[in-house]
Amino acid sequence: MIHYSILPLETVYEGIEEMKSSTVDIVMNGVRMQVEPVNAQQAKIVRLISCNPQDFLNPQYAPGRMIEFQPMARESGE
């Protein structure tokens, strides 16, 4: 991406370090995707991260679609 601006780069990118991504990468039914959690059990699909072209043709995984998922608890040894 090319961004043309008369503003200095310091002004354009001011605050970019503080921006936090609210997305989470999950695997659902063998399909890796990036989702934005809405609440504890629901999330909105932001994008697919898959090498299988059939996953992109499946309307079940369309970006913007709401899904239900169970967050995995992390083990204390990590």
Which numbered condition MET33 fails, given (1) surrounded by 10 or more Cβ atoms within 10 Å (Cβ to Cβ); (2) modelled with pLDDT under 90: (2)
Yes/no for SER22 being hydroxyl-bearing (Ser, Thr, Tyr) and touching a helix residue (DSSP H, G or I) at 6+ places or on another chain (Cβ under 9 Å): no
Positions within region 1-52 being in a loop (DSSP other than H, G, I, E, B), of a type in the set (A, V, I, L, M, F, W, C) and under 12 Å from ILE67 (Cα atoms), in sequence order: VAL38, ALA40
Close pairs (6 angstrom Cβ cut-off, 6 or more residues apart or separate chains): more than 30 Å from ASN39 (Cβ to Cβ) in region 1-29, polar (S, T, N, Q) anywhere: VAL12/SER5
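The values are calculated or read from the model by the stated rules, or taken from the named source; none is laboratory data. Fair warning: this is a prediction, and the values are worked out from it, not measured in the lab. Using ideal geometry, Cβ is built from the backbone for each residue, glycine included, and neighbour counts are taken over all protein chains shown.
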